[in-house]
Each structure stands twice: as C-alpha cells, then as structure tokens.
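**Q** Got a structure for you, written out below as structure tokens; questions coming shortly.
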Amino acid sequence: MNTTTRTDAGTGGLPDSLTSRFEATFGAAPDGIWAAPGRVNLIGEHTDYNEGFVLPFAIDKRATTAVRLRGDSTVRLISTVGDQGLVEADAAALAPGTVIGWAKYPLGVVWALQQHGIEVPGFDLLLDSDVPPGAGLSSSHAIECAVVTALNELTGAGLTAEEMVTLTQHAENVFVGAPTGIMDQSASLRGASGRAVFLDCRDQSVELVPFQAQEHGLVLLVIDTKVSHSHADGGYASRRASCELGAEVLGVKALRDFGVADLVEASGLLDPVTFRRVRHIVTENDRVLQTVATLRSEGPAGIGRLLDASHASMRDDFEISCPELDLAVDTARSHGAIGARMTGGGFGGSAIALTPVQHEQQVRDAVVRAFAGAGFTAPDIFTVTPAAGAERVR
Ligand code: ADP
Ligand code: MG
C-alpha cells in the first residue's frame, strides 16, 4: 500500500501581518479580511450521502483571506503555504477541470457564484491557513467558505448561509471534481463557539448542541496520523456504491430511512459485505442521535462509549480504518481517553480522543511512543475546541 506524508499548514493569519503581507504583494490594502474554520466530525461518518445525521463542529483553526476587488476581471491569488507562487486567472473565463493546484478552491467558488447568476469582478487574494491540509479537517472547505463569505459581502450578493453551503458544494463537486456532501461547509459556515452542529443532511436543518469539553474537565485531542492511503478515493466510491445498492435492495429512498430494529431482517436480504456496510450506516445514524441526546442530558462525559462504538463500526463493518488510525485510537483508550474514534472519510487522516485533562499528556506521550515503536511517521497531536463559524475579522 502506498502512503504519502503531507506538508505542514501555515500559521493562521493574524490580521496585522496579513494586511502588511497583502500590501507588500499587491501594492494596496485589502478591502477586508474574512476567515472560515476547518471542522472536525465528532460523530456520524459516511452518513451524509445516505441523507442521515452528522455532528461536526467548527474548530479553532481556520483559513484567513485578505481580499481586494479590482477594476478588471483578473483574479490574482497567493498563499503563504506551498510553492505555487502567484496564480493569475480570468474571472470571466473559468471552466470546470481547467484549474490545477489550490487555486481551484477559490476559483471554484467564483465559478459557482457566477453559475448562480452573481457577477464576480476580478480581485486580489492572500490566503493564510492553519488548518493542516489532508488531515481530515477540511482545509479545502475552510478556503472555500472564507472566499464565499468574502465575495458574498463584497459583491452584495446577500446569500444566506444555506445558499452558501449549496454553492460551495457545487464548487467542490463540479469545479474541483470531489464528490463531497454538505457537512464540511455547514460546519464551517454555520458553526458557533462552544457548539456542535447537528445537521440533518436530508433537509439541511441545523441545531446547535452544547459541546463544552473544557467545562467538564475534558479535552478533545486530534491525532493527525499524517498519512493518506492511496486507495482512499476508490474506497470512498465503493462504499457509496454499497450504500446505494443496500438502499435499493431494502426498498428505501436512502439508508437514513432504515432503522436499527430492521437490521435483523436486512441480514437475510443482502450479501454479507453489503449488509455490514448498511449496518454501519444504520447504527451510526442512531449513534449520532444518541450523542446529541447525551450531550444535552449528561454533557460530553457521557459520549465516550458512542465514540468507541463508532470506531469499531468503521473498522469492522465499513472497513475504512487503517493501522495508524487503529493504533492511535487503541493507545489513546488504554492511556486514559474516555472515548476515541477515527474521524473523516477514512484510510488515513485523523483520530479524535476525548480525554480527561489530567490524562492529556499521558495520552499524547503514549501515542507518540506507540507510533515510533510501530515505525510510523510521527503524528501531530493537538486539541480542538468548537469555535465561531465563518466571519469577517477586519
Ligand atoms: P482536506 O480538505 O481534508 O484538508 P483536501 O485534499 O480536500 O483535504 O484539500 C487539501 C488541499 O487544499 C491542498 O492540497 C491544497 O490544494 C489546499 N490547501 C489547504 N490549505 C492550503 C493553504 N494554506 N494554501 C494553499 N492551499 C491549501
Ligand atoms: Mg477537502
């Protein structure tokens, strides 16, 4: 199996330094600075495209963009990270599949706005982001959501958060060519400090649910395994196909419409692999609902067993974990975490571990030791807290 190790993120733009960098690059001050966070998914994996439930939150790491409208149709983009330098494009001549590199994210948003009938003039943009790319924290959506928030304001388009979610999904699906759902943008655009975003992917309705780990003596650790396995894309497509097959055979519009109580009956109707895929989705949807109820009644200390069950289901039924993720989860659990699971699409990326503050260091040390012992790339371990959604910062 091929694995790739990723590069690091930027520093996360402080408005003053971003403004001076923008001026040094483009020769004038930006019209404003807009930021949008990455997200971590607390629970509800692969349920989005089954029209089910997810519970992500906007994290305290974000993409920050300084933007200045121009008088012509030229778009100039530069990031503090990477070696692509200044990218130039014509806003009036954008087409899906023609842009390579990170510019496809901001330009995809421009294109999607235009498809929506909104005129977007040229602009200069400087990006800085401390969302690590490829770690399962949606650094790409953070960029898209910062850009759509900026352009929504600068063009006076007046789009609602729901409309911006749909628009950025269109940008990712068609312009970027990634078959993603609405979870990431919904968290980034609609998240709030101290809250998780309980999203119904069928109708886009959102309820903000309290998730204040610190107040309960807990931290949520992200363990970025730093690997992306090469079969991630194929694995995603085949899982989607299994879910569609399952829904068709079971005679439901989407697996969202199938209940845990009906699983016994389903086992006789599906081949063993499809059954296990279906069982993951059906039980995962139920775990999201249980997590929401538990957060409301008991608080975060009660959700550990649900995180554990979610991981086991992804490892055994959906089969999207990998040795690095399993080692991170198992080590965190055996050194004091009260619940842990892989998060994101699978085959690499990050795990999360809900950990009592007094055990945080012990968990960190144990995971680093275990990775070294297994000969894996050293993981990156950090805490995340639910932070504000996309906003103008200056
Ligand atoms: P994820 O969204 O899960 O982090 P993706 O592969 O969807 O992973 O998006 C990662 C891509 O986003 C990178 O390959 C790069 O093109 C872009 N990206 C993320 N952060 C930055 C940044 N700070 N500067 C430039 N491009 C970035
Ligand atoms: Mg992405």
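The values are calculated or read from the model by the stated rules, or taken from the named source; none is laboratory data. This is a predicted model, so every value here is computed, not measured. Cβ coordinates were reconstructed from backbone atoms using ideal geometry, including for glycine residues, and neighbour counts include every protein chain displayed. For the accessible areas, the whole protein counts, side chains as well, though only heavy atoms, and no ligand, DNA or RNA atoms are used. Shrake-Rupley method; radii C 1.70, N 1.55, O 1.52, S 1.80 Å.
**Q** How many percent of the accessible area of the chain is carbon or sulfur, using a 1.4 Å probe? Before the final figure, lay out the partial values.
**A** Numbers: 7380 of 14950 Å².
Carbon and sulfur together cover 49 percent of it.
**Q** Next question, about the same structure. Please compute the contact order of the chain in relative form: average sequence separation of alpha-carbon pairs under 8 Å and at least six residues apart, divided by the residue count, as a percent. Provide the component values of the computation, followed by the final result.
**A** Values: 880 pairs, mean separation 93.5, N = 394.
Relative CO of the chain lands at 24 percent.
**Q** Follow-up question, since we're still on this one. Along the Cα→Cβ direction, 7 angstrom out, place labels at VAL357 and ALA241. What is the inter-label distance in nm?
**A** Using points 7 Å along Cα→Cβ, the separation is 5.0 nm.
**Q** Rounded to whole Å, give me the distance from the Cα center of the stretch 43-68 to that of the stretch 323-367.
**A** After rounding, the separation between the Cα centres reads 20 Å.
**Q** Pairs of Cα atoms under 8 Å, at least six residues apart: use those to get the relative contact order of the stretch 77-204, whole percent. List each step's numbers first, then the result.
**A** Values: 144 pairs, mean separation 33.1, N = 128.
Relative contact order here is 26 percent.
**Q** Next up: Rank-order 76-85, 175-184 by packing density, defined as the average count of other C-beta atoms within 10 Å over each peptide's residues, highest first. Please list the in-between numbers first.
**A** Details: 76-85: 16.1, 175-184: 19.6.
Averaged packing, sorted descending, gives the order 175-184, 76-85.
**Q** From the gyration tensor of the Cα coordinates in the chain, what semi-axes in whole Å does the equivalent ellipsoid have, largest first, with each one equal to sqrt(5λ)? Show your work: numbers first, answer last.
**A** On the way: eigenvalues 239, 119, 76 Å².
They are 35, 24, 19 Å, listed from largest to smallest.
**Q** Over the stretch 211-383, with the other protein chains present, what is the accessible area per residue in square angstrom, probe 1.4 angstrom? Walk me through the numbers before you get to the answer.
**A** On the way: 6870 Å² over 173 residues.
That works out to 40 Å² for each residue.
**Q** On to the next question. At a Förster distance of 22 Å, what's the computed FRET efficiency of HIS116 paired with THR74, Cβ-Cβ distance as r, to 0.05?
**A** Values: r = 21 Å, r/R0 = 0.97.
It comes out at approximately 0.55.
**Q** Quick one: dipole size for the chain, taken about the Cα centre, charges +1 on Lys/Arg Cβ and -1 on Asp/Glu Cβ, in debye to the nearest 20.
**A** Numbers: 30 positive and 48 negative charges, 89 e Å.
Value, rounded to 20: 420 debye.
**Q** Still on this structure, I have one more. Based on the mean of other Cβ atoms within 10 Å per residue, sort peptides 301-314, 244-257, 125-138 so the most packed one is first. Mind dumping the intermediate values first?
**A** On the way: 301-314: 20.6, 244-257: 17.1, 125-138: 25.1.
Packing order, densest peptide first, comes out as 125-138, 301-314, 244-257.
**Q** Same structure again: Run the numbers for ARG392 and THR98: contour at 0.36 nm per residue of separation, minus the present Cα-Cα distance, in nm.
**A** Details: separation 294, 0.36 × 294 = 105.84 nm, distance 2.99 nm.
In short, 102.9 nm is gained.
**Q** Please list 335-348, 287-300 highest first by mean number of surrounding beta-carbon atoms within 10 Å per residue. Intermediate results must be reported in sequence, preceding the final value.
**A** Numbers: 335-348: 24.8, 287-300: 18.2.
Going by the mean number of other Cβ atoms within 10 Å, highest first, we get 335-348, 287-300.
**Q** Further question on the same structure: Work out the charge dipole of the stretch 211-383 with +1 on the Cβ of Lys and Arg and -1 on the Cβ of Asp and Glu about the Cα centre, then indicate which of ALA309, PRO323, SER297 is farthest towards its positive end.
**A** Result: SER297, furthest along the dipole toward the positive end.
**Q** In addition: Using +1 at the Cβ of each Lys and Arg and -1 at the Cβ of each Asp and Glu in the chain, identify which of PHE275, GLY38, SER205 lies farthest towards the dipole's positive end.
**A** So the residue we want is GLY38.
**Q** Quick one: check the C-alpha center-to-center distance for the stretch 188-242 versus the stretch 137-165, whole angstrom.
**A** 19
**Q** A further question on this structure: May I ask you to derive the relative contact order of the stretch 211-383, considering only C-alpha pairs under 8 Å and at least 6 residues apart, and to give it as an integer percent?
**A** On the way: 265 pairs, mean separation 58.0, N = 173.
Computed over the stretch 211-383, the figure is 34 percent.
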